[in-house]
Amino acid sequence: MSAIDSGDPGAPRVALLARPGIAREQLRGALVGAGAQIALEDDPNVLDVHALAASAPHAVLVALEPAIEEALARLDPVLGDPGLVVIYDEADLASSREGWDAQRWARHLAAKLHGHRNVLPPGAEIELPQSPEPGRPQAPALVDDAALDLHLDEAVVQSASLPDQHVFGAAPSVAGEDMEPQPEGAFSIDAESWTPPPAPARLALVDDIVPVGDSADDASAAVAETIPPLAAVPAASDASATSSFQHLSLVEDFEVVTPVRGEPMAPPPLPPGFGGLTLELESLELPEAEVADPDATGSKVPGAALLFAGIGGPDAVRRVLAGLPVSLELPVLVHLRLDGGRYDNLTKQIQRVSPLPVVLARVGMAARAGYVYVVPDDVAAEAGNGGMVVFAEGSTDVLALLAALPPGRTAVLLLSGADAALAEPALMLAARGALVSGQSLHGCYDWAAAKELERKGGTTASPEDLALRLIEHIGG
């Protein structure tokens, strides 16, 4: 057992419950980076419930794994306190996070502990657009002529080192020197007496240059002398070249050997002592008889209470279910999006605080009154036979489900992390008599759906008050 003081007396006190290992070190670093004060850090398998209560934490961070399931049940008197914020994280996910994913999770953890909604990385703040100022724009400053004169004087000095026209055969000229006037008719050309200028002297540097003759025929003859005629090639070479091209191939010659299938080999004899026993693989799936069956006590009734949540939603769902009575006259469906998809662990965690039995919805089940159903992503909740909910294969079509449920016996609660697009169809159902409300923005981790619900005229409340409204609307 250990405690780490952050130095800030106002920092939230957090109890870290995790077995020794990489996951525990990662979570400890995230808490320290979030500015939290670690009031207690210990293995839940050896931690006493009185020691956890004596640390007086504001929140508890638990690294979930199968090895601590019984320990969490023993610590339930403290973890089940509705006023305590309990954050669950998968141990295998915590140990595998690195880089951007680890930083993103740490920012969300800090927002959860400090009660704010700033989860953007540093430097990603949104800049507000700049509004134009009234009045005429300021005129640009005039350029000083003295600054230009400095560059002009430098250009005159550098011009002496630049190449002049004398490299091309013209007379050199000095900057600022007056040019001699050209005589009249200096640039006139007589078409009858004009002859082409002699070849430039630089052509002499080129090897094997074609000599310039008096006509184009002389040049053609000189080029022809350097190329041997085709007839000079021996005929034998033609024949050998032709025959060699006829035998070219892009595929190598090789022999394809096809293996011959033999008789199957007989299995080796069993070791002594097995007798007539046979070896079989045991199924990893639980038998159907071991799955919780609500048919023994529950009854099929029309309508349902729908709880939609996402990031930050497990804590809100826990607080709502803790206030419901065991005599609830409707089934409760929990639609909570999980990144890891560990809905079996979520079912176990909710069962510890819910007075109602909690089961994982499976294909073929029918929702019954007085039960809480955790609906995975691959199971569809459908309403038929007068508004009674059954579970089938696929994913839930929320709009079709809301349209098929009887409004007078339906409640829709949008908790932290719920999809904001559900606000509009939920309010349409509320106009027909259903109970529709959202989690209050105070203490809500992701309030996009609740904010949209308020904007369209809906109401919000704390999770405890939402449970009371649910009981008043449906009946306990």
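Report whether or not VAL359 is within 28 Å of the chain's Cα centre (by Cα), modelled with pLDDT of 90 or more and outside the structural domain of ALA59 (by TED's automatic domain parsing). Steps first, answer last, please.
Working: within 28 Å of the chain's Cα centre (by Cα): no; modelled with pLDDT of 90 or more: yes; outside the structural domain of ALA59 (by TED's automatic domain parsing): yes.
Judged against the criteria, VAL359 is not a match.
How many residues are assigned to a helix (DSSP H, G or I), among the small types (Gly, Ala, Ser) and without any contact (Cβ under 8 Å) to a residue 60 or more places away in the chain when one looks only at segment 69-102? Give the steps one after another, and end with the answer.
Going through segment 69-102, the residues assigned to a helix (DSSP H, G or I) turn out to be 69-74, 76-79, 91-96, 100-102.
Keeping just the survivors that are among the small types (Gly, Ala, Ser) gives 71, 73, 91, 94-96, 102.
Next, only the ones that are without any contact (Cβ under 8 Å) to a residue 60 or more places away in the chain stay: 71, 96.
Of the residues in that region, 2 qualify.
Would segment 28-35 turn up any residue that is among the β-branched types (Val, Ile, Thr), assigned by TED's automatic domain parsing to the domain that holds ILE87 and at pLDDT 90 or above?
Within segment 28-35 (the criterion being among the β-branched types (Val, Ile, Thr), assigned by TED's automatic domain parsing to the domain that holds ILE87 and at pLDDT 90 or above), the answer is no, since none of the residues qualifies.
Any idea which of GLU382, GLU393, GLU424 is free of Cβ contacts under 8 Å to residues at least 24 places away in the same chain and either under 18 Å from GLY323 (Cα atoms) or charged (D, E, K, R) (or both)?
Residue meeting the stated conditions: GLU382.
Of the residues LEU338, LEU333, LEU441, which single one is touching a Leu at 6+ places or on another chain (Cβ under 6 Å) and either surrounded by 18 or more Cβ atoms within 10 Å (Cβ to Cβ) or not in a helix (DSSP H, G or I) (or both)?
LEU333
Within segment 420-457, which residues are more than 29 Å from the chain's Cα centre (by Cα) and under 24 Å from LEU330 (Cα atoms)?
LEU427, MET428, LEU429, ALA430, ALA431, ARG432, GLY433, ALA434, LEU435, VAL436, SER437
Can you pull out the residues in segment 304-325 that are in contact with a strand residue (DSSP E or B) (Cβ under 9 Å, 6 or more places away or on another chain) and among the hydrophobic types (A, V, I, L, M, F, W, C)?
Passing the criteria: ALA304, ALA305, LEU306, LEU307, PHE308, ALA309, ALA316, VAL317, VAL320, LEU321, LEU324.
Consider ALA111 against the criteria (1) over 20 Å from ARG319 (Cα atoms); (2) at pLDDT below 85; (3) in a helix (DSSP H, G or I): it satisfies all of them except one. Which criterion is unmet?
(1)
Within segment 48-68, how many residues turn out to be touching a residue at least 24 places away in the same chain (Cβ under 8 Å) and in a helix (DSSP H, G or I)?
6
For segment 380-420, give me each residue that is under 29 Å from LYS451 (Cβ atoms) and assigned to a strand (DSSP E or B).
Those that are under 29 Å from LYS451 (Cβ atoms) and assigned to a strand (DSSP E or B): ALA380, ALA381, ALA383, VAL389, THR410, ALA411, VAL412, LEU413, LEU414.
Quick one: would you say GLY433 is of a type outside the set (A, V, I, L, M), without any contact (Cβ under 8 Å) to a residue 40 or more places away in the chain and within 25 Å of VAL301 (Cβ to Cβ)?
For GLY433, the condition - of a type outside the set (A, V, I, L, M), without any contact (Cβ under 8 Å) to a residue 40 or more places away in the chain and within 25 Å of VAL301 (Cβ to Cβ) - is met.
The values are calculated or read from the model by the stated rules, or taken from the named source; none is laboratory data. None of the values given here were measured: they were computed from a predicted structure. With ideal geometry, Cβ positions are generated from the backbone for all residues, glycine too; neighbour counts draw on all protein chains shown.
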